[in-house]
């Protein structure tokens, strides 16, 4: 489930719809973790942006909120308070997810029994209850623990026994006991009002898969923080990328500037998009300081909401164009075309195209 953990968009989208979350709790993060992503929607739901995102997802027929309730028996709008995902050395693509929930997790077994899962089993251990089930040909595991607060529960979610055990070890670690060695990750903390916080070390460590994003292929460490200050309508975003030296940091700066240029180019022939894109580009500052490239952004929440709508429309437009191209390339085929994110081009070996699916 959490393979290719550098792309955690699905998981973070699921939990980003929750109505309440809490600050980052490092006591549930393994001390040897080399990266983590934390979502805290208490701040987000208090502002315009969180409300906008929730309303938008509610209109989506493929709503990730509904998917999580259907597949895992937890309602993100009521049951999920936050999520922390982290990875260990040598297991860069095996993210360990720990979800903070309400006491609704106490009845997770009964809820799972009402979903489309198969082979549900329940195992009681000394400090937790472990559920195992199959869904769409994959095996999932969840261990439910008491939370750090009386009203909370911690759910370790995994798709393998090994990953589940690692998550359990992190949760069972005494939060008062200091780690044996300092964390390899940058010593950074989310700002007040943080919604999404991510940090990573050893991004290009020898023997590990390199980041897919070219902008990170010169990076050593990364810190990302985005949120909305309490009582303010401004949404902030920041990214600090540490490279090998100043020359590499300048390369990262140029690539980041190229991303903004590409965004503007995409609106060149669409006048309706240009005001929003101009506001976004104007609110971003990209600088270097020694071996660091620093990206800072400040925008009104309504501008960010408009930009998210624009990007969503671009994705849908690209999908429609892919379907149209597929139909041109395969006349007489009454199937709907490629699923979202797939290429309309037939396989290079001239074998029969894989049967397309409806958008997920």
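Rule-based calculations on the coordinates, nothing more; no lab input. Since this is a predicted model, take the numbers as computed values, not measurements. Cβ placement follows ideal geometry from the backbone for every residue including glycine, while neighbour counts extend to all protein chains displayed.
Below is a table of values for the structure above.
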| quantity | calculated |
| --- | --- |
| Surface/4 estimate of mean projected area, convex hull on alpha-carbon atoms of segment 9-183, nm² | 10.4 nm² |
| Cα-projected label distance for residue 287 with residue 330, points at 7 Å along beta-carbon direction, nm | 5.2 nm |
| Per-residue Cβ neighbour rank within 10 angstrom, fewest leading, 38, 30 | 30, 38 |
| Approximate spin-label separation residue 265-residue 59, in nm, with each point projected 7 Å along Cα-to-Cβ | 3.1 nm |
| Zone residues, segment 215-247, relative to residue 51, backbone N less than 15 Å from point 7 Å out along Cα-to-Cβ | 231-234 |
| Kirkwood-Stokes translational diffusion coefficient of segment 214-307, alpha-carbon pairs, 10 °C, 1.306 mPa s, µm²/s | 112 µm²/s |
| Estimated FRET transfer efficiency (residue 136, residue 272; beta-carbon r; R0 30 Å; 0.05) | 0.15 |
| Rg(Cα)/(2.2 N^0.38 Å) for segment 45-124, N = residue count | 1.30 |
| Modelled FRET efficiency - R0 30 Å, residue 121 with residue 176, Cβ distances, 0.05 increments | 0.35 |
| Ranking of 85, 80, 281, 171 by count of other Cβ atoms within 10 Å, fewest first | 281, 171, 85, 80 |
